[in-house]
Amino acid sequence: MKRLLLPFALLVVLTSAATRLAPGTLTPDERKFAIDYYEKTKARLQADVKGLSQNQLNWKADSTRWSVYQCTEHIALSETLIWQWVQMTEHQPATPEKRSQATKMTTDQLIAAMTDRSHKFQAPEMLRPGMQFPNEDAAVRAFVMRRDSTIDYINTTQDDLKDHFITHPVFGTMDLYEALIMLAAHTARHTLQLEEVMATPGFPKQ
């Protein structure tokens, strides 16, 4: 009996060690935090835009400001493009030597910086609103489909996210876990923006 149990015990030890030492994979705490944050930011956007009229969706305080619809469109476009950036980077060879160049911000600091609306940034041309969806519902559906798929990925992935890096134009070098958190924080940032639109004097009551 002992002879039968020994190989099994050895297999368990080796498997556990391999899982424990797998480079760059998410810890259970990181995985849970990311999923919770993705769900939270998705739900807030959906709740904010639910039931708004076309008049409310397209109202602008002035010609330099975005409407609620334009904020939603930007969120939906960014959700796909940033995800594609993450995936493209993950399929490249790992670059652990870039770790020394990476941002030293904590996850909380990264979220705080991204959602700080006192600092304004110019969106790249490809992510600027331009009626790329037929209506608000289509933009929200596109966002939710991409968001839910990303949540599934975070929930199951064993990819090396800690030794693959992107260079963000504002935050510099960040690993792919940080990039995924940044993506959800980007949604939060522009959800705050559309809430600012809705709180502006003159916003239609219906």
Open item on the list: Can you tell me which aspartates and glutamates have their Cα less than 18 Å from the Cα of residue 40? Leave out same-chain residues fewer than eight positions away.
Closed with: 29, 30, 48, 79, 108, 116, 148, 152, 178, 195
TODO: Pop out the ³J(HN,Hα) list for region 169-174 in order, Karplus 6.51 cos²θ - 1.76 cosθ + 1.60 with θ = phi - 60°, rounded to Hz; leave Gly and Pro as x.
DONE: x, 9, 9, x, 6, 9
Task: Estimated dipole of the chain in Debye, rounded to 20 [Cβ of Lys and Arg +1, of Asp and Glu -1, Cα centre] - done: 320
Open item on the list: Suppose the chain between residue 144 and residue 55 were pulled fully straight at 0.36 nm per residue; how much longer would it get relative to their current alpha carbon spacing?
Closed with: 29.7 nm
Task: GNM top mover of 120, 50, 42 - the chain, alpha-carbon springs below 10 Å - done: 120
Open item on the list: Looking at the chain as a GNM with Cα springs under 10 Å, which of 74, 186, 168 has the largest mean-square fluctuation?
Closed with: 168
TODO: Quickly rank 34-41, 130-137 as a protection proxy: mean count of other C-beta atoms within 10 Å, highest first.
DONE: 34-41, 130-137
- [ ] Would you kindly work out the equivalent ellipsoid of the chain from its C-alpha gyration tensor and give its semi-axes, the square roots of five times the eigenvalues, largest first in whole Å?
- [x] 40, 19, 14
Task: Residue-averaged [θ]222 nm for the chain, counting only DSSP H segments that reach four residues, each worth -39500 (n - 2.57) - done: -20000 deg cm²/dmol
- [ ] Name the residue, out of 122, 87, 54, whose mean-square fluctuation peaks in a Gaussian network model built on the chain with Cα pairs under 10 Å.
- [x] 122
Open item on the list: Between residue 126 and residue 92, what is 0.36 nm times their sequence separation minus the Cα-Cα distance? Round to one decimal in nm.
Closed with: 9.9 nm
Task: Reachable aspartates and glutamates from residue 98, criterion Cα separation under 13 angstrom, eight or more residues apart if same chain - done: 163, 175
TODO: Please get the size of the charge dipole for region 70-121, origin at its Cα centre, with Cβ charges of +1 on Lys and Arg and -1 on Asp and Glu, quoted in debye to the nearest 20.
DONE: 220
TODO: Amide H neighbours of residue 165 under 5 Å, at least 5 residues apart or on other chains, H built in the peptide plane: list them.
DONE: 95
Task: Violating pairs (Cα-Cα greater than 18 angstrom) within the set 32/162; 42/104; 50/205; 120/162 - done: 42/104; 120/162
Task: Charge dipole of region 62-206 about the Cα centre (unit charges at C-beta), most positive-ward option of 134, 88, 166 - done: 134
- [ ] Can you check what the net charge comes to around residue 129, using other residues whose Cβ is under 13 Å from the Cβ of residue 129 (Lys, Arg +1; Asp, Glu -1)?
- [x] 0
Task: the chain: relative contact order as a whole-number percent, Cα under 8 Å and 6+ apart - done: 40
Task: Length gained when the stretch residue 27-residue 106 is fully extended (0.36 nm per residue, less Cα-Cα span) - done: 26.9 nm
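Bear in mind these aren't lab numbers, they're just calculated from the coordinates by the rules spelled out. Here the structure is a predicted model, which is why all the values come from computation and not from measurement. Heads up, the Cβs are rebuilt from the backbone with ideal geometry, glycines too, and the neighbour counts pull from every protein chain shown.
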